[in-house]
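FYI, it's all coordinate maths here, none of it is from the lab. Treat the numbers as computed from the prediction; the structure is a model and nothing was measured. Heads up, the Cβs are rebuilt from the backbone with ideal geometry, glycines too, and the neighbour counts pull from every protein chain shown.
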Amino acid sequence: MSNQQSDLTTNSKAPSVFAQIYFHGTKADLQLGDFIVPGHTSNYGKQLQAKYIFLSSTLDAAIWGAELALGESTERIYLVEPTGSLEDDPDLTDKKFPGNPTLSYRTTSPLRVVGELSKWQGHAPEQVKAMKDALQKLKDQGIDSLNDELT
């Protein structure tokens, strides 16, 4: 066996044919091409005007977003394309999961809706209730999201 170099090389300047997929869980009824923008009432915490929009690279985190969003509308998971820079969601990464294993992000730039997942499996009802109870306990202690209000 020889030590010949492979004929296959990588070109870091070439675009990838595989785009990063991001998910956004919500109860909002959106259409392909719509933009999700900051400034709407937050689904969480103090329910003030949201400075950030949240997205994730994991379906599980997006499912939690849809399940925990306020309101009685249908839970939805959208595939979204960021139009600006992203940063780690500090409520999850800094406080609960160092290193961002949930791959949860926030942005102040619009997200373009590029698809919707029509079939997905939510969490068990007892898991959702336990999560909502835990969030209510935090709220009762005066602990709300750092990401709620416009600043």
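Can you give the local net charge around Lys129? Use residues other than it whose beta-carbon is closer than 13 angstrom to its beta-carbon, Lys and Arg +1, Asp and Glu -1.
Neighbourhood net charge equals -1.
Direction-averaged shadow area of the convex hull around the Cα atoms of the range 22-140, nm²?
Its average projected convex-hull area is 7.2 nm².
Using a simple charge model, +1 on the beta-carbon of Lys and Arg, -1 on the beta-carbon of Asp and Glu, nothing else, what dipole does the range 22-140 show about its Cα centre, in debye to the nearest 20?
220
Could you sort 57-63, 121-127 so that the peptide with the highest average Cβ count within 10 Å comes first and the rest follow in order?
Numbers: 57-63: 18.4, 121-127: 10.7.
Per-residue Cβ counts within 10 Å, averaged per peptide and sorted highest first, yield 57-63, 121-127.
Relative contact order for the range 22-140 using alpha-carbon pairs under 8 Å, separation at least 6, rounded to a whole percent?
For the range 22-140, the relative contact order is 33 percent.
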